[in-house]
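What follows is a structure written as structure tokens; I'll ask about it next.
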Amino acid sequence: MTDISTRKADHIALALQSSHQASQGAGFDRIRFEPNPLPQISLQDVEFNSDFLDRRVAAPFMIGAMTGGCDNGEMINQHLAEAAQTCNIPMSLGSQRAALERGLPQNVRRWAPSAIVLGNVGATQLQQHGLDLAKRAVDSVEANALVIHLNPLQELIQPDGDRDWNKVLEAIQHCADKLNVPVIVKEVGAGMGPNSVKKLMDAGIKWIEIAGRGGTNWASIELSRNGSEREREIASAFLEWGMDTVEILPAVHAACPSLNFIGSGGVRNGLHIAICIRLGAKMTALAQPFLAPALISTEAVIEKISIVEEQLRWAMFLTGSQKLSDLRKATLQKSFNQRI
Ligand code: FNR
């Protein structure tokens, strides 16, 4: 296996370990809906079909970015893509860098011919290779949109990671200007706050996936793979770097209400999805929760999707929300230390 492939295989194995999930969670347990014991609706009438990128999808959540689908990622991607196709939920690919660099076939459209599929490249690869890379990422999988991931802390911890981020914002802006599909910018688990979100909005970005702290901890994963004692001591100060998903969402939504936010980072069930929607997200994404089922079968991923959907349905029923527009107005309990 090449270096990138070895790294990706390590990431998959390590992401499954609970020790690399944020110990405190993403803060969802600090947010509670006011229970509504008089829902005045029927469970079967709860609806959460959603609009995403001008298409109707079955639910306001998607399979988060994990693998570009080469080497051991191929089987994982097949199971995820077939489930996305069957259930009509969007699927975000992981970084396509290895596949594009090595000219490997990417088969996602064989398994998900009509699902919403999002391509994925790293911001620093985009900075180096420009629009050409972005176009190849999109064309190679007929992507409905391109996701550009921002992962500066992860790059710092990787021994050969990119340290020069000078022209990343310009590269993103150029891509948003010229690419013929929407560009979505995401973090990978440390989140991004109002200042960065405003810069991205000014650069022409309309969709942001916040990927806040609280789920898969990339600092912890990279630290366990790399480094001399000195490097590990430096990096260990940043193990809890970032902002919790539930803190970021209301902050960025208030700062940039016209932007479309994808709530992610530590989203683990349908109740968490309901909280993200209530806090301003139009869509949500779960990555790590789909990894274990994807290692088993397409049916296992479909089963996981249906459990998450049922949890969302219950959360909506228990708040008396027949539609997502009702859920967006559902009353939250405020705990003492919460700023929302
Ligand atoms: C990821 N993630 C990710 N993101 C990205 O934009 N490109 C990528 O290649 C990958 N690769 C990847 C591999 C694995 C195994 C996991 C679990 C995750 C990050 C992911 O999309 C997400 O932003 C974070 O993991 C936080 O979400 P969860 O895992 O807490 O739901």
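For region 113-154, which positions are away from the ligand (no atom under 15 Å from the Cβ), part of a helix (DSSP H, G or I) and buried (at least 24 other Cβ atoms within 10 Å of the Cβ)?
none
Let me ask something else about it. Regarding region 22-45, can at least one residue be identified that is under 27 Å from Ala143 (Cβ atoms), within 14 Å of the ligand (Cβ to nearest atom) and buried (at least 18 other Cβ atoms within 10 Å of the Cβ)?
The answer is no, given that none of the residues of region 22-45 is under 27 Å from Ala143 (Cβ atoms), within 14 Å of the ligand (Cβ to nearest atom) and buried (at least 18 other Cβ atoms within 10 Å of the Cβ).
Considering each residue of region 155-169, count those that are within 16 Å of the ligand (Cβ to nearest atom), in contact (Cβ under 8 Å) with a residue 60 or more places away in the chain and part of a helix (DSSP H, G or I), and give that number.
1
Considering each residue of region 260-295, count those that are in contact (Cβ under 8 Å) with a residue 60 or more places away in the chain, farther than 21 Å from Ser18 by Cα and small (Gly, Ala, Ser), and give that number.
2
Now for a different question. Quick one: count up the residues across region 234-252 that are crowded, with 21+ Cβ neighbours inside 10 Å and in a helix (DSSP H, G or I).
Number satisfying all stated conditions: 6.
Follow-up question, since we're still on this one. Being part of a helix (DSSP H, G or I) and over 30 Å from Arg109 (Cα atoms) is the filter here; which residues of region 170-195 pass it?
Residues satisfying the conditions are Glu170, Pro194, Asn195.
Computed from the coordinates by the stated procedures, all read-outs in this text should not be read as laboratory data. Source: prediction; values computed, not measured. With ideal geometry, Cβ positions are generated from the backbone for all residues, glycine too; neighbour counts draw on all protein chains shown.
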